[in-house]
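The values are calculated or read from the model by the stated rules, or taken from the named source; none is laboratory data. Here the structure is a predicted model, which is why all the values come from computation and not from measurement. Ideal geometry is used to build each Cβ from the backbone, glycine not excepted, and the neighbour counts take in all protein chains shown.
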Amino acid sequence: MVLAVKPATDTIPIVMTNPGDPVAIGVVASLARPGGNITGLTSFSTDLSGKRLEVLKEAVPKLSRVAVLWNPAESGNVRNFKETEDAAQSLGLKLLSLGLRTPNDLDNALQSSIRDRAGALIIIRSPAYTTIGEKIVDFAGKNRLATMFPEKETVEAGGLMSYAPNIADNFRRAATYVDKILKGAKPADLPVERPMKFEFVINLKTAKQIGLTIPPNVLARADKVIR
């Protein structure tokens, strides 16, 4: 959304709430000093990719090979994939890279995950493919693959798990930016904040469908369990 309104004005203050990496997409100069008329909050967190893989491994203890759907053309995705690689090494997991530049690449990428005997899929968010969640959910269900998504909505639609920033909390925190700007602060001087609260969502219906029993200690940490 912020990319859509940015060209409209460079003077009216804009408070964003949920872009993936505002520096990478050219919305602000830096998180510490935005430098223009845009500030607010981002859903980007430096350790989020590693945490998703860690949670996935706990939920699927016998997991050894994980496929990652990501967009090599996006700098934010490149950074997230590198963090996932580092986490995979520390967890003793084999990571399978499935580069996905457009939705048209999806079918080949998913078939590669089966050929390479992946036991799970992790999806790294990309604006280039925001409408493929349903296809991934359907494929994973048919092939009994565990999935980790970057948003809870896809889990509510049949994905297995998500670990993501709490968007509602970001919206609440955005109100403090509006208040400061109305009192005279300049967006250029208000640092962009990273998420502070996160949500872990598990779909037990999907777990049953793919023959997976989620360990009790993992279930106990979930913020929402879909039964």
**Prompt:** Identify, please: which residue in region 11-22 is out of contact with any strand residue (DSSP E or B) (no Cβ under 8 Å at 6 or more places or on another chain) and modelled with pLDDT under 90 and is, among those, surrounded by the fewest Cβ atoms within 10 Å (Cβ to Cβ)?
**Reply:** 20
**Complete:** Given (1) at positive phi; (2) crowded, with 19+ Cβ neighbours inside 10 Å, residue 211 misses just (2)
**Item:** Considering residues of region 200-227 that are under 19 Å from the mean Cα position of the chain (by Cα) and of a type in the set (Lys, Arg) only, the residue nearest to residue 156 (Cα to Cα)
**Value:** 224
**Complete:** Going through region 23-35 in order, the residues found to be at pLDDT 90 or above and surrounded by 17 or more Cβ atoms within 10 Å (Cβ to Cβ) are 28, 34
**Prompt:** Taking region 91-146 as the region of interest, how many residues are touching a residue at least 40 places away in the same chain (Cβ under 8 Å) and more than 19 Å from the chain's Cα centre (by Cα)?
**Reply:** 9
**Request:** Tell me the helices (runs of 4 or more DSSP H) entirely within region 123-206 that contain at least 2 residues that are buried (at least 18 other Cβ atoms within 10 Å of the Cβ) and not assigned by TED's automatic domain parsing to the domain that holds residue 16.
**Result:** 133-142, 152-156
**Item:** Cβ pairs under 7 Å, 6+ apart, first in region 1-23 and outside the structural domain of residue 125 (by TED's automatic domain parsing) and under 18 Å from residue 128 (Cα atoms), second among the charged types (D, E, K, R) and buried (at least 19 other Cβ atoms within 10 Å of the Cβ)
**Value:** 20/125
